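Notes follow once the structure below has been shown.
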Amino acid sequence: MLIVNDLSVFYGKIKVVHNINFTIEEGSCVALLGPNGAGKTSTISSILGTVNSTGTVNFCNQDISKIQTEDRIKLGISIAPEGRRVFSNLSVFENLYLGSAIRKDRAIADNEIENWFNIFPILKERKDQSAGTLSGGEQQMLTIARALMGNPKILLLDEPSLGLAPMITKQVFELIETLKTKGITILLVEQNATEALKLADYSYILNSGNIVAHGNRSEILKKGDLMSSLTGVEN
Ligand SMILES: Nc1ncnc2c1ncn2[C@@H]1O[C@H](COP(=O)(O)OP(=O)(O)OP(=O)(O)O)[C@@H](O)[C@H]1O
Ligand SMILES: [Mg+2]
């Protein structure tokens, strides 16, 4: 579904991601792991075209490297960004409604929101509450639910467990597991490598803008010391 080839990301003259390659098969969950500053957010931003990059991004057999972010979203790429960015003064429902702005028809959007409420019951309970007053975990659920509006083909999740208590982190990972069983293709960026490796079908480890290892969970765990130094995963 997604083939990233020879991708580099630049901020001004500074290159922070160095000629990386990775692929994501339809219906799979791929994890992109690595320490702070490794280039994870820069990499997913390049898939949406919000940063300056070179190389190619092929999505559903189409080279999207040169097209606008808006058109990439229309093709079915969606992001739940780092840091739980909700519209604080708007209600949960209004946040979701904005997420479905791609839909012209209000009735279809309402219906879609109702459908997702089955998977996010906590958001249904709080649908009229202003998003800024939700707990951190609830805001994260809202960020993910909003990204799902419009039924994207691929969901990019940037550190969904960051800053959440272990119990809530568990709920977020269970939710991602549910999305996976629904056949949604997922690129999961995480620092919680232990949990992400369990969930993902395949993982890439990024360090200083380079992919230093890739494989399924057991292949990654075989790298032992390298993994524990970069991701905190102990064998
Ligand atoms: N807007 C920017 N301008 C200049 N440099 C940037 C910018 N955004 C990121 N960088 C730099 O690019 C590198 C990669 O950053 P990036 O945010 O992609 O890392 P990350 O892996 O997502 O880190 P974290 O786990 O902390 O979110 C870092 O050295 C960072 O300082
Ligand atoms: Mg980041």
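Throughout, read-outs are computed from the coordinates displayed, never taken from laboratory work. Just so it is clear, the model here is predicted, and its values are computed rather than measured. As a convention, Cβ positions derive from the backbone with ideal geometry for all residues, glycine included, and neighbour counts pool all protein chains shown.
Observations
- Partners for Lys127 among lysines (Cα-Cα distance below 22 Å; same-chain residues under 8 apart left out): Lys104
- Among Glu125, Glu190, Glu26: highest mean-square fluctuation, GNM of the chain, C-alpha pairs under 10 Å: Glu125
- In the chain, the DSSP beta bridges split such that about 55 percent are antiparallel, to the nearest 5.
- For segment 152-209, alpha-carbon Rg and Dmax in angstrom: 11.4, 34
- Under the span-like rule (Cα at least 20 Å along the axis, Kyte-Doolittle mean at least -1.0), DSSP H helices of the chain: 166-181
- Highest mobility in the GNM of the chain, judged by mean-square fluctuation with C-alpha springs under 10 Å and restricted to Ile44, Ile14, Ile113, is found for Ile14.
- All other residues whose Cβ lies under 15 angstrom from that of Ile3 are scored, Lys and Arg at +1 and Asp and Glu at -1, for a net of -2.
- Hydrodynamic radius by Kirkwood, which averages 1/r over all alpha carbon pairs of segment 6-78, in angstrom: 12.9
- Dividing the summed -39500 (n - 2.57) terms of all DSSP H runs of n ≥ 4 by the residue count of the chain sets its mean residue ellipticity at 222 nm at -10500 deg cm²/dmol.
- Among Asn95, Asn118, Asn19, residue whose mean-square fluctuation peaks in a GNM of the chain (springs only between Cα atoms under 10 Å): Asn118
- For segment 9-14, 3J(HN,Hα) per residue [Karplus equation, 6.51 cos²θ - 1.76 cosθ + 1.60, θ = phi - 60°, Hz, x = Gly/Pro]: 10, 10, 10, x, 8, 8
- Taking 26 Å as the limit for the C-alpha separation, the pairs Lys124/Lys153; Lys13/Lys198; Lys124/Lys170; Lys198/Lys222; Lys15/Lys170 exceed it in the case of Lys13/Lys198; Lys15/Lys170.
- Taking the empirical scaling 2.2 N^0.38 Å for compact globular proteins as reference, segment 118-228 has a Cα radius of gyration ratio of 1.17.
- Basic side chains Lys and Arg get +1 at the Cβ, acidic Asp and Glu get -1 at the Cβ, and with that the dipole of the chain about its Cα centre reaches some 300 debye.
- Distance between the C-alpha centres of segment 9-66 and segment 122-163: 23 Å, rounded to the whole angstrom.
- Segment 113-220: trypsin sites (Lys or Arg not before Pro) falling in loop per DSSP and having at most 11 other Cβ within 10 Å: Lys182
- For the chain, the Kirkwood radius over C-alpha pairs fed into Stokes-Einstein at 20 °C and 1.002 mPa s yields D = 118 µm² per second.
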